[in-house]
Amino acid sequence: MRSSTDGWADALRDTGHLVAFRARTVRRRRASAVGLVVVLLLTAGFAVGPSSFDLHTSGSSALDRAVSALEGNLGGTFAGFLLLAISAAMGSGGGRELLSRSEVAIHPVSPVTEHLGALLLAPLNLAWLVQMWSLLAITALVTPPERLLGAQLVVLAWVLAATGIGQAIGWTAEGVRRTTHGVVVVRVVSGVVVVVLAGLHLAGALGPLVRSLPTTWMAETAQTTSWPVAALLLLALAVVGVVVGARPAAWALGLQPREELRVQSGVHEARHAPAPRWGSPDRALLRRLDRGSVWRSVGMRRGLLVLGIGPGLVALVAGLQWSSVMLLPGLTASGAALLFGVNAWCLDGKGMVWRETLPVSAADVFDVRALVVAECMAMVSGVTVVLALLRNGLPPLVVGAAVLSCWLVVLVQVLAIVMSWSIRAPFSVDLSSPRATPAPHASMAAYAGKLSLVTTLTGMVFTTISTGPWAWLPPAMAVPFLAWSTVRLVRARRRWLAPAERARVVLTVAAV
Amino acid sequence: MSQPPPPAVLVRDLHVRFGDVEAVSGVDLSADSGQATALLGRNGAGKSTTMKVLAGVVPPTAGEVTVGGHDAASDALGVKRVVGYCPDVGGLVPRATPWEHLQLSARLRRMDDWEERGRDMLERFELGDVAHRVVGGFSHGMSRRLSVVLAALHEPSVLLLDEPFDGVDPLGVEATLEVVADARARGACVLLSTHLRDLALEACSTAVVLRGGNRVAAMQAGELTGEAYRALLD
């Protein structure tokens, strides 16, 4: 008879096989290796670098206040990482998959292996990395150099523990979602949590509540000689989280994915062909088909709603300054593009070959697909801007001009980048599961890094010029950005129009 | 004496290369209107790639390809207007319904009264009940049957069917054979690629055998006995 230890040992071995299989399918090994080294260097840099700043000798009271605030909120930042781990696992239907559902179907892969795979893939998420780097950097900033090693070990132990706990809660939520009325239950509970948090914040009770959490004790203990106690406790918690998480994983994966099945067997009554007032009817019909492909996907619909509402609510509730709001459209547009835009042709899946036999110009196909990607990005980033507007009221003219210019620039920027990637490096993927991604995980991590870097830097440029007195400057500054992105977009379009290039994309996406 | 009409499909020395791989190396092929031609061969013989070139999906690397009077290299859009193509794999947009597929195909080909024919064809292929259900949940056989419907909806002058019998039940096979017979009767050129010799012989009057990206034989279908076919494959 097999013992439970055999189950875990087998699962660990199988996870190793799956990781090795995925690693062998990486196309650009050198770029992936460079990416990994960059991430490790950045991690080391954030963990050590800030401790070299001697803030107490600066003499700046504003800086002192900022450091005190960071120190006081370190426990809250720890708690924030847990919240992120939970929402990431919930948003991806329990967690990312090492192999897609159709690929894994023929192999005897246990739920424990799926669980371990999801845990391994959790760091391939920009929000996870950025939050970890923030924790390391803030800890380095507020901890005396002689205590830094212990404090950072506690941080890393917390990152492991929070990821394990988040994964367990994510699987539980996915299990509930797969029960009768489970989708409604998860939506209602999530809504209630958001409303309660918003209410607590508006009542001024959220800060004290967060500070009373055990994470505050953890953050304080990390900076003392008792750090080994905290580290050992957290490592034990991480092990418990990983082991316990296998239960809800097995439960969730043993249930039918109701929402996906409902969508896959969804009935959509016939509608008349669109008769647009302007533009060609062919384009209108293609647009309808492409929009249907987006909104009839569980993962994309869920992602667009979260991206649209989440950052907007933060802007609404927390009352972010316009200088911070300026960064959000780029990040939310990037998030929307990461749902499918980075591999835009994957919307058609294996139907790409049939689409290509239709007597419609390749230019129309490209333009419509780019428009649908742009629509999704404009929608989610637009919600953020509108909610910030509701909270902050109309900004001064120069700030308003900067926000609008920045928004337009990042939209065109991200669109040009992702349409170029879609032509240059297409992938065959099945997006029927919300656990699926439009590109392999390593590529997704690289895409997320590049998009957020570009849009954040752009946002910073416009934030800087919004402090000046000239309302004409932001639109003027937008022109070179827009010109460069347009050149890039036109180049991608030209590449698509070349029959041999298009055939390569079609055959790759359709995997024939 | 009048000249015989030019062949509906004419392929001369077709080469298709994907990077270092030459998928088709020197295929010659000719198929007339009102005739059904079987394209036979083992896996990797170049049948599906040849079909994709004829459908205007893949441009020829070299050689001459004319479909319904249109040059596949320079006028792919013209080719797509005269062709109806059932691809060998998938061929359906996963989150669209069969009716939406038919609507798009018909509107882009400027068909005004297509609904009745579309409904009739879906019924013939026993897909009437699922006309408004997204195809992502379809079985392989249902997807194949819908692909044949999509290829034949607009009564193309060149009908390309790539493995239309793959995973299809006997009723679906019968319906597909009827589509081929109808197309021949109205004067269309049919090219049918399959591994199933018996069905190919039932549907087609001539047969072309490909091996390793080359044409190795062209004959009347009746002449292609089991032994002869086997000998051509080895």
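The values are calculated or read from the model by the stated rules, or taken from the named source; none is laboratory data. Computed from a prediction, not measured in an experiment: that's the story for all the values here. Here the Cβ is made from the backbone with ideal geometry for all residues, glycine too, and neighbour counts use every protein chain on show.
Which number in (1) within 14 Å of another protein chain (Cβ to nearest Cβ); (2) farther than 24 Å from A:V403 by Cα marks the one condition that A:V342 misses?
Of the numbered conditions (1) within 14 Å of another protein chain (Cβ to nearest Cβ); (2) farther than 24 Å from A:V403 by Cα, the odd one out for A:V342 is (1).
Restricting to region A:234-270, what's the tally of residues that are without any contact (Cβ under 8 Å) to a residue 12 or more places away in the chain and within 14 Å of chain B (Cβ to nearest Cβ)?
Qualifying residue count, region A:234-270: 6.
Which of the residues spanning region A:438-479 are more than 22 Å from A:Q413 (Cβ to Cβ) and either within 14 Å of chain B (Cβ to nearest Cβ) or in contact with a Lys or Arg (Cβ under 8 Å, 6 or more places away or on another chain) (or both)?
A:P440, A:H441
Okay, residues lined up against (1) in contact with a helix residue (DSSP H, G or I) (Cβ under 6 Å, 6 or more places away or on another chain); (2) among the hydroxyl-bearing types (S, T, Y); (3) in a helix (DSSP H, G or I); (4) crowded, with 19+ Cβ neighbours inside 10 Å:
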{"residue": "A:G400", "(1), (2), (3), (4)": "no, no, yes, no"}
{"residue": "A:W407", "(1), (2), (3), (4)": "yes, no, yes, yes"}
{"residue": "A:L415", "(1), (2), (3), (4)": "yes, no, yes, yes"}
{"residue": "A:P426", "(1), (2), (3), (4)": "yes, no, no, yes"}
{"residue": "A:P438", "(1), (2), (3), (4)": "yes, no, no, yes"}
{"residue": "A:Y447", "(1), (2), (3), (4)": "yes, yes, yes, yes"}
{"residue": "A:K450", "(1), (2), (3), (4)": "no, no, yes, no"}
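Condition test on B:E116, is it outside any strand (DSSP E or B) and on the phi > 0 side of the Ramachandran plot?
No.
For A:L285, indicate whether it is more than 21 Å from A:V429 (Cα to Cα) and either within 14 Å of chain B (Cβ to nearest Cβ) or in a helix (DSSP H, G or I) (or both).
yes
With at pLDDT 90 or above, in a loop (DSSP other than H, G, I, E, B) and surrounded by fewer than 22 Cβ atoms within 10 Å (Cβ to Cβ) as the only criterion, which of B:P164, B:P156 stands out?
Step by step, each of B:P164, B:P156 is checked, and only B:P156 is at pLDDT 90 or above, in a loop (DSSP other than H, G, I, E, B) and surrounded by fewer than 22 Cβ atoms within 10 Å (Cβ to Cβ).
Any residue in region A:87-113 that's closer than 20 Å to A:G7 by Cα: show its pairings with residues that are of a type in the set (V, I, T) and at pLDDT below 80 at Cβ separation under 8 Å, as long as the two are six or more apart or on different chains.
A:E97/A:V104; A:L98/A:V104
Going by the conditions given, is A:A492 surrounded by fewer than 16 Cβ atoms within 10 Å (Cβ to Cβ), at pLDDT 90 or above and away from chain B (no Cβ under 14 Å)?
no
Listed residues B:D13, B:D88; which is charged (D, E, K, R), under 29 Å from B:V216 (Cα atoms) and under 17 Å from the mean Cα position of the chain (by Cα)?
Result of the check over B:D13, B:D88: B:D88.
Is it the case that region A:299-318 has a residue that's within 14 Å of another protein chain (Cβ to nearest Cβ), surrounded by fewer than 19 Cβ atoms within 10 Å (Cβ to Cβ) and at pLDDT below 90?
yes
Would you mention how many residues in region A:352-368 are out of contact with any Lys or Arg (no Cβ under 9 Å at 6 or more places or on another chain) and either in contact (Cβ under 8 Å) with a residue 12 or more places away in the chain or part of a helix (DSSP H, G or I) (or both)?
Result for region A:352-368: 3.
Between a residue in region A:211-226 that is in the same structural domain as A:V155 (by TED's automatic domain parsing) and modelled with pLDDT under 90 and any residue that is assigned to a helix (DSSP H, G or I) and acidic (D, E), which pairs come within a Cβ distance under 7 Å, given they are 6 or more apart or on different chains?
That search, which allows pairs on different chains as well, returns nothing.
For A:R435, state whether it is touching a residue at least 60 places away in the same chain (Cβ under 8 Å) and either among the small types (G, A, S) or touching a Ser or Thr at 6+ places or on another chain (Cβ under 6 Å) (or both).
yes
Could you list all residues from region B:46-93 that are surrounded by 24 or more Cβ atoms within 10 Å (Cβ to Cβ), in a loop (DSSP other than H, G, I, E, B) and facing chain A (nearest Cβ under 9 Å)?
B:A55, B:G56, B:V57, B:V58, B:P87, B:G91, B:L92, B:V93
Of the numbered conditions (1) modelled with pLDDT of 80 or more; (2) outside the structural domain of A:S110 (by TED's automatic domain parsing); (3) under 23 Å from the mean Cα position of the chain (by Cα), A:G245 satisfies every one except a single condition; which is it?
It is condition (2) that A:G245 fails.
Restricting to region A:477-505, count the residues that are over 15 Å from A:P426 (Cα atoms) and assigned to a helix (DSSP H, G or I).
Residues that pass the stated criteria total 18.
How do the pairs read when you match residues in region B:98-126 that are facing chain A (nearest Cβ under 7 Å) with residues anywhere that are surrounded by fewer than 18 Cβ atoms within 10 Å (Cβ to Cβ) and part of a loop (DSSP other than H, G, I, E, B), using Cβ under 7 Å and keeping only pairs 6 or more apart or on different chains?
Here the result reads B:W99/A:A270; B:W99/B:H132; B:Q103/A:A273; B:R107/A:A273, each pair linking region B:98-126 to a residue that is surrounded by fewer than 18 Cβ atoms within 10 Å (Cβ to Cβ) and part of a loop (DSSP other than H, G, I, E, B).
Using the structure shown, decide if A:V183 is within 25 Å of A:A122 (Cβ to Cβ), in contact with a helix residue (DSSP H, G or I) (Cβ under 6 Å, 6 or more places away or on another chain), surrounded by fewer than 17 Cβ atoms within 10 Å (Cβ to Cβ) and of a type in the set (A, V, I, L, M, F, W, C).
yes
So, in region B:17-40, of the ones that are touching a residue at least 60 places away in the same chain (Cβ under 8 Å) and more than 26 Å from B:D182 (Cβ to Cβ), which residue ends up surrounded by the most Cβ atoms within 10 Å (Cβ to Cβ)?
B:V24
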